[in-house]
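Below you'll find the structure, written out as structure tokens, and then a few comments.
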Amino acid sequence: ELSHAAAQNAAFVCRHLGIALRNLGHLKQVEHLAYLDDLTHLYNTRYLDVALDRELSGGRPFTVLFMDLDHFKNVNDQHGHLSGSRLLVEVARVLRSCVRDEDVVVRWGGDEYVVLLVGIDSGGGLKVAERIRRAIEDHRFLSREGSRVRITASIGLASFPEHAATKTEILDFADRAMYRGKNSTRNVVYMASKDLPPVPPRERS
């Protein structure tokens with residue numbers, strides 16, 4: 001049988017262990033929050049950096065989609081910035097519904113998103129990109145507010161190791177492909193190629 005002092009000591013240790021574990025849980029939560037975008041609760045670019053390192057070290061093929069909403073400025077102008085923010089959150093939900101749990105969906109900033117398709121080459125990536133493009137085109141955004149806004153997206157695609165072998169190159173090639181789509185028909189998926197020109201400094205919608 002435990003003595004009174006031993007029981008008190010055990011209770012003390014348990015209590016402090018509980019506090020330590022709670023703090024550890026809290027730290028993990030804070031760490032997790034550091035990787036999330038405040039508005040959409042998608043991952044942010046900090047997490048994309050970690051995920052790309054992980055995939056590159058694994059050596060398996062993967063595909064990066066770079067996506068930009070077409071004429072998003074019009075939504076802000078016609079419906080206000082609050083509705084614009086709500087639409088960005090809705091786009092995040094549509095994106096998540098088009099990919100698997102292991103894929104990484106990131107808000108790059110503004111109305112731009114990046115999707116990392118784990119273990120998928122350019123052929124498979126093209127199918128997913130087209131699924132996303134159609135899902136956004138078919139969705140009626142802000143319907144809860146009675147607006148039923150239509151919007152489209154331009155998507156660029158680059159794959160490892162087919163198009164590039166480093167983080168910077170993969171993102172750059174996907175971005176160039178997306179910009180090619182913005183400069184042509186919009187609402188389109190473009191695959192990376194070596195001859196695509198660099199993207200000028202951003203100020204687009």
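The values are calculated or read from the model by the stated rules, or taken from the named source; none is laboratory data. A quick note: this is a predicted structure, and the numbers were derived from the prediction, not measured. Note: ideal-geometry Cβ built from the backbone for every residue, glycine included; neighbour counts use all protein chains shown. What goes into the accessible areas is simple: the full protein's heavy atoms, side chains included, and nothing from ligands, DNA or RNA. Shrake-Rupley method; radii C 1.70, N 1.55, O 1.52, S 1.80 Å.
Quick look at the numbers
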| item | result |
| --- | --- |
| Residue within region 172-189 that is basic (K, R) and under 21 Å from S85 (Cβ atoms) present | no |
| Odd one out for W108 among (1) part of a helix (DSSP H, G or I); (2) open to solvent by 40 Å² or more (accessible area, probe 1.4 Å) | (1) |
| Options S193, S159, S184: the member that is surrounded by 13 or more Cβ atoms within 10 Å (Cβ to Cβ) and either out of contact with any strand residue (DSSP E or B) (no Cβ under 9 Å at 6 or more places or on another chain) or not β-branched (V, I, T) (or both) | S159 |
| Candidates R93, R54 - the one that is more than 20 Å from L39 (Cβ to Cβ) and either without any contact (Cβ under 8 Å) to a residue 60 or more places away in the chain or β-branched (V, I, T) (or both) | R54 |
| Failed item in (1) modelled with pLDDT of 95 or more; (2) of a type outside the set (G, A, S); (3) in contact with a helix residue (DSSP H, G or I) (Cβ under 7 Å, 6 or more places away or on another chain), with M178 passing the rest | (3) |
| Residue in region 136-148 that is buried (at least 21 other Cβ atoms within 10 Å of the Cβ) and over 22 Å from Y35 (Cα atoms) present | yes |
| Residue count, region 162-181 (criterion: assigned to a helix (DSSP H, G or I) and either open to solvent by less than 60 Å² (accessible area, probe 1.4 Å) or over 25 Å from R54 (Cα atoms) (or both)) | 13 |
| Yes/no for V118 being within 20 Å of D172 (Cα to Cα) and either crowded, with 22+ Cβ neighbours inside 10 Å or of a type in the set (S, T, Y) (or both) | no |
| Residue within region 118-135 that is part of a strand (DSSP E or B), touching a strand residue (DSSP E or B) at 6+ places or on another chain (Cβ under 8 Å) and in contact (Cβ under 8 Å) with a residue 24 or more places away in the chain present | yes |
| Conditions (1) over 19 Å from R133 (Cα atoms); (2) of a type outside the set (V, I, T); (3) open to solvent by 70 Å² or more (accessible area, probe 1.4 Å): number failed by R100 | (1) |
| Enumeration of residues in region 28-78 that are under 18 Å from the mean Cα position of the chain (by Cα), of a type in the set (A, V, I, L, M) and in a helix (DSSP H, G or I) | L33, A34, L48, V50, A51, L52, L56 |
| Residue in region 136-143 that is part of a helix (DSSP H, G or I) and in contact (Cβ under 8 Å) with a residue 40 or more places away in the chain present | yes |
